[in-house]
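Heads up, the thing below is written out as C-alpha cells.
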Amino acid sequence: MRPRELTSKNTHAVVARLLAAERQCRVVLDIPCGEGAFLERLRELGLDGHGADIVNRLTPLGVSAPFTAADMNAPLPFTDGAFDAVVCIDGIEHLERPFDFVRECRRVVRPGGALIVSTPNISALRSRWRWLLTGFHNKGKVPLDEQAPNPWHHVNLFSFPALRYLLHRHGFVITAVATNRVKPVSWLYLPLWPVSALVTAVAFRRWEKDPAQRGRNAEIFRQLLAPAVAFGETLIVKAVRQ
C-alpha cells in the first residue's frame with residue numbers, strides 16, 4: 001500500500017517543482033511528513049529526505065527514510081543549518097505556536113536555504129466571500145469542537161499578508177507564490193477581482209503613511225491580486241533564508 005498524499009490535489013507536485021528550482025538543495029526536512037508520500041517523491045527526485053512528525057507512520061507503509069519524532073510547537077531536535085530546505089505541507093495551520101516553528105525552521109535551514117509552506121488559501125476571493133457572509137472560511141466552515149480538541153483542527157489559518165509577515169519577520173524572503181489548482185467554481189468570483197483591487201488600493205493608500213512601508217505594501221498588493229492567491233485552493237509559498 002502506497003502512502004497517501006494527505007493534502008489537496010497537486011500540492012505535492014507543485015511543492016516538488018518549487019524545490020527542484022533550488023539547484024544547491026540536497027538535504028530536505030519534510031515536517032509534518034504524515035505517511036511519507038512526499039518523502040517518496042523526494043527519493044524519486046534524488047534528494048535526501050528526512051521525515052519528522054509527532055508520531056511515526058512511515059514504517060507500517062514501508063517508507064524507507066530517516067525519521068525523527070518532533071513536536072512542531074516545540075524546539076526541533078536538529079542542529080543549526082542541518083538542512084538545505086524545509087518543507088511544511090499543510091501543517092502550519094494546525095500549530096498553536098507557528099511563530100516559534102518558523103523561528104526553528106530558520107535555525108535548522110542553512111543560510112540561503114529554502115522554506116516551502118502550503119496552507120489553505122483563505123485569501124482567495126471565494127473564501128473571503130464566505131467569511132463576509134458567515135464569519136468562517138472555506139477550510140474552516142463551522143466552529144471547532146472546543147470540547148474535543150485534536151491535532152487536525154485548523155487553529156491558525158493564515159491569510160497571505162499574515163503568512164508573509166510571519167516569514168519576513170523571521171529572516172526569510174518570499175521568492176515564489178503558487179497554488180495547487182484553481183477550481184472552476186472559483187472563477188465565479190472573478191467579478192470581485194477589480195472591486196477588491198480598488199478597495200485594497202484605496203485602503204493601503206489612506207491608512208499607511210510611511211513611505212518605506214508603502215513600497216512594501218505595493219508588492220503585497222500585487223501578490224494579493226495574483227491569480228494564485230486570488231483564486232487558488234491552496235496557498236504555496238517558497239521563502240529563502242537571508
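Just so it is clear, none of the values below were taken in a lab; they were calculated from the coordinates. These figures come from a predicted structure and were not determined experimentally. Ideal geometry is used to build each Cβ from the backbone, glycine not excepted, and the neighbour counts take in all protein chains shown.
Calculate, in whole percent, how much of the Cα-Cα pair population of the stretch 67-121 lies beyond 18 Å. The answer is 27 percent, as a whole percent.
With contacts taken as Cα pairs under 8 Å and at least 6 residues apart, the chain reaches a relative contact order of 22 percent. Label positions at residue 80 and residue 103, each projected 7 Å from the Cα along the C-beta direction, are separated by 1.5 nm. Sorting 195-203, 26-34, 157-165 by their mean Cβ neighbour count within 10 Å, with the most densely packed peptide first, gives 26-34, 157-165, 195-203.
Applying the criteria of a DSSP loop state and at most 12 other Cβ atoms within 10 Å to the trypsin sites (Lys or Arg not before Pro) of the stretch 64-136 yields no site. Distance between the modelled labels on residue 9 and residue 44, one decimal in nanometres: 1.7 nm (7 Å Cα→Cβ projection). Remark: the residue 68-residue 56 segment gains 3.5 nm on full extension, using 0.36 nm per residue and subtracting the alpha carbon distance. Among the listed pairs 9/141; 141/183; 139/209; 9/238, which have their C-alpha atoms separated by more than 27 angstrom in this model? As for pairs spanning more than 27 Å Cα to Cα, those are 139/209. The simple spin-label model puts a point 7 Å past each Cα toward its Cβ; for residue 226 and residue 147 those points are separated by 4.4 nm. Between 0 and 90 degrees, the angle of helix 192-207 with respect to the longest Cα principal axis of the chain falls at about 80 degrees. Compared with the dominant principal axis of the Cα atoms in the chain, helix 160-169 is inclined by about 60°. Share of pairwise Cα-Cα distances greater than 26 Å in the stretch 104-231 is 32 percent (whole percent).
The long axis of helix 211-225 is offset from the longest Cα principal axis of the chain by roughly 80 degrees. Annotation: Cα Rg of the chain relative to the compact-globule expectation 2.2 N^0.38 Å equals 1.03.
Suppose every Lys and Arg Cβ carries +1 and every Asp and Glu Cβ carries -1, with no other charges. What dipole size does the stretch 1-88 come out with about its Cα centre, to the nearest 20 debye?
340
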